[in-house]
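Structure first, then comments.
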Amino acid sequence: MRDNPTTSSGYTFGPYHADTVGLELRKGGIRIRLQPKPFQVLAVLLGRAGQTVSREELKKLLWGPDIFVDFDHGLNTAVNKIREALSDSAEEPRYIETLPNGYRFIGEISERFEQPSVATASLAPSLLAHADRKRESAWKRRYLAVGVGLTCLIAAVLWLFHIPRKVFGTSSPAIQSVAVLPLKNLSGDPAQEYFSDSMTDELITQLAKISSLQVSSAASVVRYKNTSASASEISRDLKVDAFVEGGVVRTGDKIRVTAQLIDARTDRHIWAEDYQGDLRDILVLQNDIATAIAHSVQAKIAAPNSSTASQPRQVDPRAYEAYIRGRGYWFRSNTENFPLGDMEKSGELFKQAIHYDPAYAPGYSGLANYYGLMAGNGMIPAKEGWRQSEEASRKALALDPGLAEAHFALASKMLFYDWDWAGAEREIQRGLELDTHDAQLHNLYSHLLAYTGRFDQSIAEARRAADLDPLGERFAVQRALRFSRRYDLFLTEVAVVFVQDPARIHEERAWVYRAKKQHAEEVSETDQQLRIEGCTACADRLSHAYSQAGYPGWLREKLKQLNQDSHGNALTFEHAELYAAMGNTDMAMQYLNQGYREHTEQLLRLQLNPAYDDMRTDPRFQELIRRIGLPQ
């Protein structure tokens, strides 16, 4: 499948050759691994050899306006990677010189070749002849090159996962899990960023359908966009054996995709390939190409499940572009320290997608999850938000019953707002039949199982979610252990999950001591939490109250601070738990009934929360449990 141009491309300097079309760096003909972002930096410096390229210019050219990570760190890391590859040093540079405001390539370029235009990939003659004989429709001929190229890309990756290890002459364990890192936008045009994101999504989606492989979710890998993480970091954070990295160049109706497979455990380069082809109107038919890729690969790995396949259809390119941009903001809003407004931007873009193409099912499923999350987090009125979520999810499923994401959205509404246990479980199971690798569905199922008292299954589903998406679902296991009251295991998990957040660790320890009625220990842990968070005055007031009036006085001071912090607005469950701890069942029930009137999601945890253990025999509490439909 590799295209073999008769003319080289790029730059030759010393023993090195940088192929700017194949995106390869070689030394004496031997390929040297260099990640796409450092390669982009090197290509810019080579193109301006002898001239200073400022850091600001590099930022505008290669990072674009929407930067997800610290630019200075990213550029410094990229330059260090280049120097490692070239055996160069900052102190005595032979190739890359550091200047006060940027960098300069100072090596002697012995050969410089003009980058040729991207050509259509060479396909098997028999395949093209067959296509001509059958006189397939124009769009099939147009996209066949890309479809076959990407099919081979995925098939080659999968084949490598299953061939005997002796082929590579290594005793490394077989590869069972993989992450597809965000494909780099190598076009130099930041406006094409969404396109490389969509290609990444397609590869992840198709690889995830192969049951023998565990594939990291898009939500997990998005944080590696525009970073230069090491193989060991990727292996540690995502818990994968290998990862695919590469880039996409789109020029008009031409596309070139490059990819390489790296063993994350050893940083060993296993395989690399590049593909090129015609890409006119690819947005219209990308779903069709993705389905063809999936069928081609699954035929070699497992019997295809036709009941789970979405029916291919054309889509307005503007709708697809809006959806992809919305997905980008959606994924980014689920990362730590995400920019404010990302969630709202995702919702607006999903609405745009539907406006451009009212029959585009993914746009509705994206909007359904957006409304559900906004309603669940109290960012919009719960009743109206969940109504809009259900409306959008049912529309998506009417258009495409095979969308696992839409089943997730509908199940969320049934669980968190309708309290329809059977309906929610039915939708979750249907979604998992469609995509057993969907970490969100496994996590949602873990919630339902806990609420209905099936704790062992809940923990198992939480572990499955965390295995599939170690970063996106990193809280799942500790939450399941907390719900099941397995306190020792819970605290062990908390210490791992919140290792960089000591205040949170003290907060969770205080919760456990409260559950065990070890009040002195609860007071001590809360004091440490507040002091780490910088609220020394709060800690001092609570400490004084405890010394003067014991635990009851400490609780009264907590209630006073809660009322001050909430500015007179009832914080339903915070107030309910404090009044329950103080033995004031009447006030606790008043707030719990308020939560029932508001149909608040946290009511589902009443049976799991030890704060209400002393109230369980109260007829009013039992009646509330009955109205919610929780097991008694």
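The values are calculated or read from the model by the stated rules, or taken from the named source; none is laboratory data. All figures in this text were calculated on a predicted structure; none of them were measured in a lab. Ideal geometry is used to build each Cβ from the backbone, glycine not excepted, and the neighbour counts take in all protein chains shown. For accessibility, only protein heavy atoms count, side chains too; no ligands or nucleic acids. Shrake-Rupley method; radii C 1.70, N 1.55, O 1.52, S 1.80 Å.
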Top-ranked residue of the range 401-437 - restricted to ones that are within 23 Å of ILE354 (Cβ to Cβ) and not in a helix (DSSP H, G or I), ranked as farthest from the chain's Cα centre (by Cα): PRO401
Could you check, for the range 402-418, whether at least one of its residues is touching a residue at least 24 places away in the same chain (Cβ under 8 Å), surrounded by fewer than 24 Cβ atoms within 10 Å (Cβ to Cβ) and over 25 Å from PRO362 (Cβ atoms)? no
Flagged in the range 401-429 as out of contact with any Phe, Trp or Tyr (no Cβ under 7 Å at 6 or more places or on another chain), within 14 Å of ALA368 (Cα to Cα) and of a type in the set (D, E, K, R), in numbering order, are GLU405
Please tell me if ILE289 is open to solvent by less than 10 Å² (accessible area, probe 1.4 Å), at pLDDT below 80 and within 25 Å of the chain's Cα centre (by Cα). no
Just to be sure I understand, how many residues within the range 44-88 are at pLDDT 75 or above, open to solvent by 40 Å² or more (accessible area, probe 1.4 Å) and part of a loop (DSSP other than H, G, I, E, B)? 4
Given LEU434, LEU410, LEU444, LEU449, which one is within 24 Å of PHE498 (Cα to Cα) and not charged (D, E, K, R)? LEU444
Residues that are over 36 Å from the mean Cα position of the chain (by Cα), surrounded by 15 or more Cβ atoms within 10 Å (Cβ to Cβ) and of a type in the set (Phe, Trp, Tyr): which helices (runs of 4 or more DSSP H) entirely in the range 492-585 hold 3 or more of them? 536-565
Could you grab me the full set of residues in the range 551-594 that are out of contact with any Phe, Trp or Tyr (no Cβ under 6 Å at 6 or more places or on another chain), closer than 22 Å to TYR513 by Cα and among the hydrophobic types (A, V, I, L, M, F, W, C)? LEU555, LEU559, LEU562, PHE573, LEU578, ALA581, MET582
Residue list for the range 566-587, filter: free of Cβ contacts under 8 Å to residues at least 24 places away in the same chain and more than 30 Å from ILE459 (Cβ to Cβ): SER566, HIS567, GLY568, ASN569, HIS575, TYR579, ASN584, ASP586, MET587
Going through the range 535-574 in order, the residues found to be small (Gly, Ala, Ser) and closer than 24 Å to LEU603 by Cα are SER566, GLY568, ALA570
Conditions first: (1) touching a helix residue (DSSP H, G or I) at 6+ places or on another chain (Cβ under 8 Å); (2) modelled with pLDDT of 95 or more. ASP456 passes all but one, so which condition is the exception? (1)
Between a residue in the range 461-488 that is part of a helix (DSSP H, G or I) and any residue that is of a type in the set (Val, Ile, Thr), which pairs come within a Cβ distance under 6 Å, given they are 6 or more apart or on different chains? ALA462/VAL477; ARG463/VAL477; ALA466/VAL477; GLN478/VAL494; GLN478/VAL497; ALA480/ILE459; TYR487/VAL512
So is HIS599 on the phi < 0 side of the Ramachandran plot and in contact with a Phe, Trp or Tyr (Cβ under 7 Å, 6 or more places away or on another chain) or not? no
Does any residue of the range 423-430 turn out to be farther than 29 Å from GLN388 by Cα and either open to solvent by 20 Å² or more (accessible area, probe 1.4 Å) or at pLDDT 95 or above (or both)? no
Of all residues in the range 609-629, which are open to solvent by less than 10 Å² (accessible area, probe 1.4 Å) and within 18 Å of LEU415 (Cα to Cα)? LEU624, ILE625, ILE628
Taking the range 366-395 as the region of interest, how many residues are part of a helix (DSSP H, G or I) and open to solvent by 40 Å² or more (accessible area, probe 1.4 Å)? 9
Working only within the range 588-612, note down all residues that are among the charged types (D, E, K, R) and without any contact (Cβ under 8 Å) to a residue 40 or more places away in the chain. ARG597
Report, by residue number, each residue of the range 89-105 that is assigned to a loop (DSSP other than H, G, I, E, B) and either open to solvent by 70 Å² or more (accessible area, probe 1.4 Å) or without any contact (Cβ under 8 Å) to a residue 24 or more places away in the chain (or both). SER89, ALA90, GLU91, GLU92, PRO93, ARG94, PRO100, ASN101
Check on ALA398, crowded, with 24+ Cβ neighbours inside 10 Å and outside any loop (DSSP other than H, G, I, E, B): no
The correct count of residues that are modelled with pLDDT of 70 or more and of a type outside the set (A, V, I, L, M, F, W, C) in the range 244-257 is 3
Any residue that is assigned to a helix (DSSP H, G or I), without any contact (Cβ under 8 Å) to a residue 24 or more places away in the chain and surrounded by 24 or more Cβ atoms within 10 Å (Cβ to Cβ) - is there at least one of those in the range 440-453? yes
Just wondering, is there one or more residues in the range 233-243 that are under 18 Å from the mean Cα position of the chain (by Cα), surrounded by 23 or more Cβ atoms within 10 Å (Cβ to Cβ), assigned to a strand (DSSP E or B) and modelled with pLDDT of 75 or more? yes
